Amino acid sequence: MQHGKYRFIVGFLALPLAIYAVFVISPFVQAIYYSFTDWTGLSSDYSWVGLENYDRLLDDEIFWKALRNNLLLLLVLPLVTLGLGLFFAFMLNVGGKRRRGAVIAGVRGSGFYKVVYFFPQVLSIAIVAVLFRYAYEPTEGGALNGFLRAIGLDSVQPLWLGDPDLALWCVMAVMVWCNVGFYVVLFSAGMSSIPRDFYEAALLDGANRFTTFFRITLPLLWDTVQTGWIYMGIIALDSFAVVQIMTIGPGGPDYSTEVLSFYLYTKSFRDGQAGQATALGVALLIVTLIFAGIVMRLGRRERLEF
Amino acid sequence: MGSDFNRRDLIKRATAAGLVAAPAATFLTSCASGDDGDGEKVEQGKKTDKNPLAVNESAGLEVVIFDGGFGDKYAKDAEVLYKQAYPKAKVSHSATTKIQTKLQPRFNGGTPPDLIDNSGAEQMDMGTLVGKDQLMDLTPMLDAPSIDDPTKKVRDTLRPGVVEMGQFTGKEVWILYYAYTVYGVWYSQTLLDKHGWEYPKTWDEMLTLCADAKKKGIAGWTYAGKHPYYLPFSMYPMMAKVGGREVLDAIDNLEPNAWHHPAVKAVIEAYYELAAKGYILKGTPGLDHIQSQTKWTEGKAIFIPNGSWVENEAKKTTPKDFQMAVSAPSGLDSSDKMPFGTIWASGGEPFIVPKRAKNPMGGMELLRIMLGEASSRNFVQQVSSLTSMNGGTEGVTLPPGLQSSNDALAAAGENIVNPRLQDWYVALQKEKIGIAALGEMMAGRMKPDECIKKIQKFADDTAKDDSVKKYKHT
Amino acid sequence: MTDTQTGAVPEGEPVTTQLVPPELPGIDKRDAPSAPGKRQSGSEGRVLNVFSHAFLVVWGLLVTLPVLWAIMTSLKTDSEILKSPWALPDELKWNNWSRAWQDANMGDYFMNSVIVVGGSLVGTMLLGAMAAYVIARFEFPGNRFIYYLFISGMSFPIILALVPLFFVMDNMGLLNTYHGLILVYIGYSLPFTVFFLTSFFRTLPTSVAEAAILDGASHTRTFFQVMLPMAKPGLISVGIFNFLGQWNQYLLPTVLNTGEGKQVLPQGLVELAATQGYDGDWSGLFAGLVLATLPVLAVYIVFQRQVQAGLTAGALK
């Protein structure tokens, strides 16, 4: 019996673990190793160069630009997306006309809103990026400038992705567009499970709905928000598809939408510098880890305050 | 469940060890750069008069063609000829606009196709491919007899400069540019005729003309704003005209201060004036090449920096009566070092045969067929552009753009320049000089001084970067 | 490489865990009136109601308009598109769609996607459920280690692994093959699947399985005949999650699957967009875009409740 059990465990774990180790774990570990070599990715020769790749990164203006863009994304994207998500979820759940006797009420048709809001989340990021590439098109066929013209704003015809000051914000807008619905549904689910008596008690104390949001809803949702923050952070640190498909260059005018992930791809699959590319990847990993660490720390403090 | 067994059970430990060991073993054997992943090459065929490259007659041939301005029909037609010569061969053909996305990973994987037309906005960096030893030397093909005349070598049937353009440093010829492209200021003869203008020979005349046009509601210039590396097509030859060939050589050689040369500065300032005085079609920075060409053929702008592929690329949207023409760039004044007519003409559609291709000889043989009279003529007729083979135009009625290219070449005579930045350092030419500097300046977001400084810095950075292979004019 | 980076995601017991029922809440629960509460002034409620509807409608339009615009554009002629992007077409040009399906090979890309995602989805669910079941229900040395090994994969940027992964695939002869891509999809879907299903299996009662074992069923049989059917709700949730993730995957096939005729839908669409850049065939591009959207749209409309639940469940667990 005991023996059978171990055979069973091994039998069930072997294949998933093998696939996982070969295709996921091993490439990650190798990436770290190759970042210390001058491997081109085009042949099997490489030699150990120590920290040279990292050293070169320090002097690489484009790297710093990409990193700066990534950090900006990391800061703005979660803030805006989660903020809107919380706002809409709160509206859906407490913004309704008060019906007989209910303390709080959701708006009518909240289910429908959620279905609509969530929709972009199921679209491939490639589809979204292609769609918006043409929506941002500054010329005749573009939806945005066409819309501005239609409402009489002929003089306001921004270049959108063609303008280095706007391009990154355009990228962010698309990513917010995709993701808000997810958080609306997520936070809604969380909110609807907050026991009604909590609200009743607060309202008895004379609090209005907005103070209840900060005193009850947000603190109770804090863990979910924190999780969402990490999810959005990971999305912000990637943003490869949007940049590669949608932006001009790609990488934007004057590197205004260059991000680490796309720069890594360019280095290894255009410039034949796989070693250098993996060093970029490691830099990206470090940023990810620092970010996760900060979110965790902030999260802990917030919870203590509550 | 599971709590009834002994924690120190031996079997358990063995199993655990096995669990860790199994993936570890796979891990080691699948280490990334373990081998080259080289596909095996096909065997050589028999060398005969008809088959001077000893192509394996039954080996498959894989061709990838850039599906841009010239389409891919001309290549398909040549492949038919290949199949006639080698009926047992299976030719697989594909066309794409995303050369780099599709093919670069195949170079990394060691299984590239046999012949590639490496062109377009997404071309692979030729400097990298040569520098990393990824290409075949095409010399055997150039030294083989021409398909039309067994007494002549292929290299002797080509237009002047074509072979040299395929070289980087050293004698090997890595690239064969199939199309022969005339770069310069493309203009609307239709508009000039309508308003009684003449093509301006000096920049002052250019500005006067643009001012006049502006009054009539026509923009002087437009360009591919999303791909501002089209601007050098008319700027580089103007730099040469003003300051002599050495100016461009210095730029190509990444010499310090090459961009601070007075001629370079004068040209960049001249172009900035177009932007500053509002002679550029509104919204141009947001246009891509197709959109800007369409505006141009619609008569919204007179001049556009472009290459001779434009005639075919814009065919679909060009009005029937539109007369397009190309001219050498205007000069500054009589102190210019080279005469009016100085023009940039060089190869377009760079064809390469990868070193690790399965059937490289087949790739070269197809090139040899393409450089024959029949294929060349077919190309001229189909896409209104010249090939690198000297000829192919006899007895063909040329459309206006091509006729004007031919005339411009004749007028230029010896004064043909050939800047190499775009094949030696693609990244520098396109995303740095083009998008990050010239594009920004022409969009009015940067002053000429700043633009020059920025470009010089980009060039210096490239010169310093030891991971980029360097080439020099000799 | 441990849970500390991801903290609350895999490990902590978030406050909401107790608040959210395991089946996940129904969508309109909120509308139901509950116990009588204290009256508030009616006007505040009304103002708030108008206010919230206004905001909700605006965002609703922001979400739907681009999609409607794409659908409308896909039925116009090129010149109509360029003339006025928001005008309705004079007549519906359905042949844009057939052109995209055939000439632009959207049909082929679609089939490739079906093959790859079909294979990887079955594989992911089967292997993920097997691993999760063992991790959740059996104690053995290394159990925790293996669990954390799996879930650590959730927080790493895939792009970092990309270059070496390319060569791992190359050396194993898996580049540009359906089965290669399927294996990779499985590998990268396992972390979340294992994480989700492990906690799901833990919530299932143990008595049924124990009874089956006592009746003499083998562990394997118990798993397939007793546990898997019991885990159906969880499997559906994570299955939908994986379907969407794999169907929409762009980065991995872009690098690992460049073979002629093997490309999947998102790649095909991007290729179509690039070709459009040279042909000026706007209507064909938008038709392709809409065609690429339809399958997910259909899945979403049919399963919207499960999709929402499946995609958000991971964050709530």
Does region B:316-334 contain at least one residue that is within 14 Å of another protein chain (Cβ to nearest Cβ), part of a helix (DSSP H, G or I) and not acidic (Asp, Glu)?
yes
Checking A:207, A:279, A:236 in turn, the sole residue that is on the phi < 0 side of the Ramachandran plot, more than 7 Å from chain C (Cβ to nearest Cβ) and without any contact (Cβ under 8 Å) to a residue 24 or more places away in the chain turns out to be A:207
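Sort through C:131, C:70, C:100 and tell me the only one that's within 30 Å of residue A:9 (Cα to Cα) and in contact (Cβ under 8 Å) with a residue 24 or more places away in the chain. Spell out the reasoning first.
Working: C:70 fails: within 30 Å of residue A:9 (Cα to Cα); C:100 fails: within 30 Å of residue A:9 (Cα to Cα).
Exactly one of C:131, C:70, C:100 is within 30 Å of residue A:9 (Cα to Cα) and in contact (Cβ under 8 Å) with a residue 24 or more places away in the chain, namely C:131.
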Residue set B:421, B:428, B:386; condition of a type in the set (A, V, I, L, M) and modelled with pLDDT under 90; output residue B:386
Of those in region B:443-459 that are part of a helix (DSSP H, G or I) and surrounded by fewer than 17 Cβ atoms within 10 Å (Cβ to Cβ), the residue nearest to the other protein chains (Cβ to nearest Cβ) is B:457
Filtering region B:334-380 down to residues that are in contact with a strand residue (DSSP E or B) (Cβ under 8 Å, 6 or more places away or on another chain) and free of Cβ contacts under 8 Å to residues at least 40 places away in the same chain yields B:376, B:380
Contact list, first residue from region A:157-184 and more than 14 Å from chain B (Cβ to nearest Cβ), second anywhere and of a type in the set (Lys, Arg) and surrounded by 20 or more Cβ atoms within 10 Å (Cβ to Cβ), beta-carbon distance below 7 Å, six or more apart or interchain, is A:184/A:114
Pairing a residue in region B:283-299 that is on the phi > 0 side of the Ramachandran plot with any residue that is at pLDDT 90 or above and buried (at least 21 other Cβ atoms within 10 Å of the Cβ), where Cβ atoms lie under 7 Å and the two sit 6 or more apart in sequence or on different chains, gives B:299/B:188
With criteria (1) in contact with a helix residue (DSSP H, G or I) (Cβ under 9 Å, 6 or more places away or on another chain); (2) away from chain B (no Cβ under 14 Å), residue A:200 comes up short on (1)
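For region B:94-101, state whether one or more residues are under 19 Å from residue B:166 (Cβ atoms) and in contact with a Pro (Cβ under 8 Å, 6 or more places away or on another chain). Break it down into steps so the answer makes sense when it comes.
From region B:94-101, those under 19 Å from residue B:166 (Cβ atoms) are B:99; that's our starting set.
Applying the additional criterion that residues be in contact with a Pro (Cβ under 8 Å, 6 or more places away or on another chain) yields none.
No, that holds for no residue.
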Taking region B:184-232 and keeping only residues that are β-branched (Val, Ile, Thr), surrounded by fewer than 22 Cβ atoms within 10 Å (Cβ to Cβ) and under 30 Å from the mean Cα position of the chain (by Cα), one is left with B:190, B:202
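Can residue C:129 be described as under 30 Å from residue A:43 (Cβ atoms), part of a helix (DSSP H, G or I) and among the small types (Gly, Ala, Ser)? Step through it out loud before you land on a result.
Working: under 30 Å from residue A:43 (Cβ atoms): no; part of a helix (DSSP H, G or I): yes; among the small types (Gly, Ala, Ser): yes.
So residue C:129 fails the test.
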Going through (1) buried (at least 23 other Cβ atoms within 10 Å of the Cβ); (2) of a type in the set (S, T, N, Q); (3) part of a helix (DSSP H, G or I) one by one, residue A:40 fails only at (3)
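Based on what the data block shows, is residue A:223 away from chain C (no Cβ under 13 Å) and either in a helix (DSSP H, G or I) or under 25 Å from the mean Cα position of the chain (by Cα) (or both)? Let's see the steps before the verdict.
Values: away from chain C (no Cβ under 13 Å): no; either in a helix (DSSP H, G or I) or under 25 Å from the mean Cα position of the chain (by Cα) (or both): yes.
Against the criterion (away from chain C (no Cβ under 13 Å) and either in a helix (DSSP H, G or I) or under 25 Å from the mean Cα position of the chain (by Cα) (or both)), residue A:223 does not qualify.
Here is a list: B:54, B:78, B:121, B:85. Which entry is buried (at least 20 other Cβ atoms within 10 Å of the Cβ), away from chain C (no Cβ under 14 Å) and in contact (Cβ under 8 Å) with a residue 24 or more places away in the chain?
Values: B:54 fails: buried (at least 20 other Cβ atoms within 10 Å of the Cβ); B:121 fails: away from chain C (no Cβ under 14 Å); B:85 fails: buried (at least 20 other Cβ atoms within 10 Å of the Cβ).
When all the criteria are applied, what remains is B:78.
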Those residues of region A:239-264 which are within 26 Å of residue A:292 (Cα to Cα), more than 7 Å from chain C (Cβ to nearest Cβ) and part of a helix (DSSP H, G or I) amount to A:242, A:243, A:244, A:260, A:262, A:263
Checked against (1) within 22 Å of residue B:273 (Cα to Cα); (2) not assigned by TED's automatic domain parsing to the domain that holds residue B:273, residue B:433 satisfies every condition except (2)
Of (1) in a helix (DSSP H, G or I); (2) within 22 Å of residue B:433 (Cβ to Cβ); (3) free of Cβ contacts under 8 Å to residues at least 60 places away in the same chain, residue B:255 fails just (1)
Of B:69, B:45, the only residue that is modelled with pLDDT of 50 or more, crowded, with 16+ Cβ neighbours inside 10 Å, part of a loop (DSSP other than H, G, I, E, B) and in the same structural domain as residue B:359 (by TED's automatic domain parsing) is B:69
task: Kindly indicate whether residue B:402 is farther than 26 Å from residue B:322 by Cβ, at pLDDT 90 or above and either touching a strand residue (DSSP E or B) at 6+ places or on another chain (Cβ under 8 Å) or buried (at least 23 other Cβ atoms within 10 Å of the Cβ) (or both).
output: no
Note on region C:149-204: residues farther than 25 Å from residue C:240 by Cβ, within 7 Å of another protein chain (Cβ to nearest Cβ), in contact (Cβ under 8 Å) with a residue 12 or more places away in the chain and outside any helix (DSSP H, G or I) are C:175
Expected single match for more than 20 Å from residue A:266 (Cβ to Cβ), surrounded by fewer than 24 Cβ atoms within 10 Å (Cβ to Cβ) and either touching a residue at least 40 places away in the same chain (Cβ under 8 Å) or in contact with a Pro (Cβ under 6 Å, 6 or more places away or on another chain) (or both) among B:141, B:136 is B:136
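Select from region A:23-54 the residues that are of a type in the set (A, V, I, L, M, F, W, C) and farther than 13 Å from residue C:149 by Cβ and list them in ascending order. I'd like the intermediate steps shown before the answer.
Of region A:23-54, the ones of a type in the set (A, V, I, L, M, F, W, C) are A:23-25, A:28-29, A:31-32, A:36, A:39, A:42, A:48-49, A:51.
Once the filter is applied, which keeps residues that are of a type in the set (A, V, I, L, M, F, W, C) and farther than 13 Å from residue C:149 by Cβ, region A:23-54 yields A:23, A:31, A:32, A:36, A:39, A:42, A:48, A:49, A:51.
The values are calculated or read from the model by the stated rules, or taken from the named source; none is laboratory data. Everything quoted here is computed from the prediction, not taken from an experiment. Ideal geometry is used to build each Cβ from the backbone, glycine not excepted, and the neighbour counts take in all protein chains shown.
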